[in-house]
Amino acid sequence: MEDGIVTKGPEHGEQEAEKTVLRPFSVGSLPSIYYIPDFVSPAEQNHLLHQVNAAPVTKWKMLKNRRLQNWGGVVHEKGLLAQVLPPWLITVTQRIAKETTLFPAPINHVLVNEYLPGQGIMPHQDGPLYHPVVAILSLGSPALMHFTPHARILGITQEGIDKQQQQHTRSQGGKELYTFSVALMPGSLLVFKDSAYEDYLHGIDESSEHMLDETVVNAYACICQDDDRHRDGLREVQSMPAEEQGTKGILRRTGTRVSLTCRHVSKVQKNFLRL
Ligand SMILES: O=C(O)CCC(=O)C(=O)O
Ligand SMILES: [Fe+2]
């Protein structure tokens with residue numbers, strides 16, 4: 001009873017658009033991971049946070065280490081039991097899809113995650129039903145997202161990865177072992193696809209202070225932060241000898257962070273649920 005829609009990979013024109021539009025925002029050495037600072041203004045952030053907080057309390061699902069709102073319907077193994085997104089999410093997701101050029105069709109699923117300082121999300125991969133691109137809009141307070149290679153791509157166990165990281169060895173079977181982190185500042189949009197999506201786990205540590213170490217691919221992003229405490233963290237870094245810079249800065253999580261995880265599910269079930 002399902003209406004599977006198979007989407008094609010990006011056409012040549014779309015690949016060109018990706019190169020032209022997104023190249024200035026590319027971070028790290030994997031292709032197709034982009035960090036766009038100030039994608040939304042502080043006023044837009046407030047508007048979106050207001051909408052998130054205006055949702056009925058029953059919309060929140062309490063998890064052990066965060067709370068979650070699910071918009072767009074239930075992602076079932078046979079496809080999405082779709083619900084129409086509310087207007088405030090249609091507006092922002094249309095803009096994300098248009099400006100990133102990476103979504104094959106309108107974004108039809110959004111998860112709202114809310115983290116208090118010290119809360120996080122375990123390293124994970126997003127499910128197979130999503131088209132392999134995700135856009136994460138960060139609101140309210142910063143956090144550091146870690147990316148670690150999936151053991152599968154290295155053909156070794158997780159223990160093998162841990163050992164290589166301890167020994168600072170970098171490759172296995174021709175594939176590079178590359179662990180990196182992205183600072184997600186309020187108002188920013190992180191977009192990743194392809195290898196970063198399929199071959200890596202992403203997660204946020206359950207800690208109220210995140211170390212800005214040498215794995216951070218956009219440490220410069222923290223300079224723009226208005227909050228004095230973040231500037232202090234940065235001053236700590238800048239006052240260090242050059243060889244130590246980037247190894248001991250601290251991203252302090254002092255407020256509630258809300259993120260919108262925006263994706264496109266191409267397999268949609270026919271039986272639409274009503275709100
Ligand atoms: O909150 C974030 O930035 C990440 C959320 C996430 O990875 C997810 O919802 O799958
Ligand atoms: Fe995720």
Do any GluC sites (Glu not before Pro) in the stretch 71-150 lie in a DSSP loop with no more than 14 other beta carbon atoms within 10 Å, and if so, which?
GLU77
On a 23 Å Cα-Cα criterion, which of the cross-link pairs LYS61/LYS193; LYS193/LYS267; LYS64/LYS193; LYS61/LYS98 come out too long?
LYS61/LYS193; LYS64/LYS193; LYS61/LYS98
Sorted by chain and then number, the residues having a modelled amide H within less than 5 Å of the amide H of VAL216, at least 5 places away or on another chain, are SER181
Heavy-atom accessible area per residue - the stretch 41-148, 1.4 Å, Å²
45
Using just the Cα positions, wrap the stretch 1-154 in a convex hull and report its mean projected area in square nanometres, one decimal place.
11.2
Share of accessible surface on carbon and sulfur in the stretch 18-125, whole %, 1.4 Å probe and ligands ignored, is 61
Projected area averaged over all directions for the convex hull of the alpha carbon atoms of the stretch 14-65, nm², comes out at 6.4
³J(HN,Hα), Karplus 6.51/-1.76/1.60, whole Hz, each residue of the stretch 205-216, x for Gly, Pro
5, 7, 8, 8, 10, 10, 6, 8, 9, 5, 7, 6
How much accessible surface does ASP126 have with a 1.4 Å probe, in Å² rounded to 10?
20
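The values are calculated or read from the model by the stated rules, or taken from the named source; none is laboratory data. Keep in mind that this is a model prediction, so the values were computed, not measured. Reconstructed Cβ throughout: ideal geometry from the backbone, glycine too, with neighbour counts over all protein chains shown. SASA here: full protein model, heavy atoms, side chains in, ligands and nucleic acids out. Shrake-Rupley method; radii C 1.70, N 1.55, O 1.52, S 1.80 Å.
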